[in-house]
1. Which value, in Å² and to the nearest 10, is the accessible area of Ile162 when all protein chains are kept and the probe is 1.4 Å?
2. Rounded to whole Hz and in sequence order, give me ³J(HN,Hα) for segment 219-229 from the Karplus expression 6.51 cos²θ - 1.76 cosθ + 1.60, θ = phi - 60°, writing x for Gly and Pro.
3. With labels modelled as points extended 7 Å from the Cα through the Cβ direction, what inter-label distance (nm, one decimal) is found for Ala101 paired with Phe179?
4. So, for segment 123-220, what is the accessible surface per residue at a probe of 1.4 Å, expressed in square angstrom?
5. With label points built 7 Å along Cα→Cβ from the Cα atoms of Val194 and Tyr284, find their separation and express it in nm.
6. With every protein chain left in place, what is the accessible area of Asp174 in Å² (1.4 Å probe, nearest 10)?
7. Efficiency by 1/(1 + (r/R0)^6): what FRET value for Lys119 and Phe237, r their Cβ-Cβ distance, R0 = 41 Å, to the nearest 0.05?
8. Starting at the first residue of segment 231-246, write each ³J(HN,Hα) from the Karplus equation 6.51 cos²θ - 1.76 cosθ + 1.60 with θ = phi - 60°, in whole Hz, x for Gly and Pro.
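The values are calculated or read from the model by the stated rules, or taken from the named source; none is laboratory data. Remember, predicted model here, so these are calculated numbers, not experimental data. Quick reminder, even Gly has a Cβ in these numbers, built from the backbone with ideal geometry, and neighbours come from all protein chains shown. For accessibility, only protein heavy atoms count, side chains too; no ligands or nucleic acids. Shrake-Rupley method; radii C 1.70, N 1.55, O 1.52, S 1.80 Å.
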Amino acid sequence: MAGRYDPNPFEEEEEVNPFSQGGKPKTSSQPNYGGGAFYMTNPGSVPPASNSRLSPLPPEPADFYNPTATVEIPLDSGKDLKKKEKELQAKEAELRKREEALKRKEDAAQRAGIVIEEKNWPPIFPIIHHDIGNEIPIHLQKLCYTAFATLLGLTLCLTWNIVAVTTAWIKGGDATIWFLAIIYFISGVPCAYVLWYRPLYRAFRTDSAMNFGWFFLFYLIHIGFVVFAAVAPPIFFKGKSLAGILPAFDLISGHVLVGIFYFIGFGLFCLESMLSIWVIQQVYMYFRGSGKGEQMRQEAARGAMRAAF
């Protein structure tokens, strides 16, 4: 025992893997597990690493995340550009033809004395053309404004007439008088504008004797109507379809409110009558002083000769 010595302490000993089962040396009968915690039961079935890698993505442009970067749009081919250029030239030629046709129509209308009127009144819902300040001579603007006031006055009179007749109908009158009041308004206001105000407006603007003649004819009818409405004689339905003085006296005894409404209508018709008489006097004085009477007689004589031949 004393003479015993250890062999070479540097002699290689059998390597033992501490992570193998039981610390036993690895034998050929045990399966070969590798990779530590991530292991595969059959590593021989896995293809080589060089074959399993995916192809790398193309590199992103330097300004990919820049929102202000310019986007390159591929240009069209030369054939597409020529096609679009031909289409634009065809559209341009068509627009040029339309402009030339419209210009010829405007020139023809101007030579014929036809004036293109743009609707501009009332401002909220334009239905007529009305521009006294720019189209009527300065010395005739006041008279034209007054004539226009008589048109608005007629509208007010017929509107109040509907209110008064409606109260009379509610208080026990006939429904026919209400329908007549509606007819007076629907037919009276548009006819007044077409038959006498528009001819007067054109006569002041173009100095046409024929338009003055149309104005005098139908404005006299207008004056006769408002005078008749102010009196309202008991001809049709005892005159109650018009808010005049006679039905006002007849109704105030039984229905005071209805009578008051009719008296207000009588006052409006009286104001309209007086203002209309003043307008026709002033227009006639201008007509005589400007020599339009002689011109109108000459035009009437020429028209009669043309009709005779």
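1. Roughly 30 Å² of Ile162 is accessible to a 1.4 Å probe.
2. Karplus values, whole Hz, x for Gly and Pro: 6, 5, 5, 4, 5, x, 5, 5, 5, 4, 5.
3. The answer from the label model is 4.8 nm.
4. Solvent-accessible surface per residue comes out at 49 Å².
5. With each label point 7 Å from Cα toward Cβ, the separation is 2.7 nm.
6. For Asp174, solvent-accessible area is about 80 Å².
7. 0.60
8. 8, 6, x, x, 9, 10, 6, 6, x, 6, 7, 10, 7, x, 6, 5
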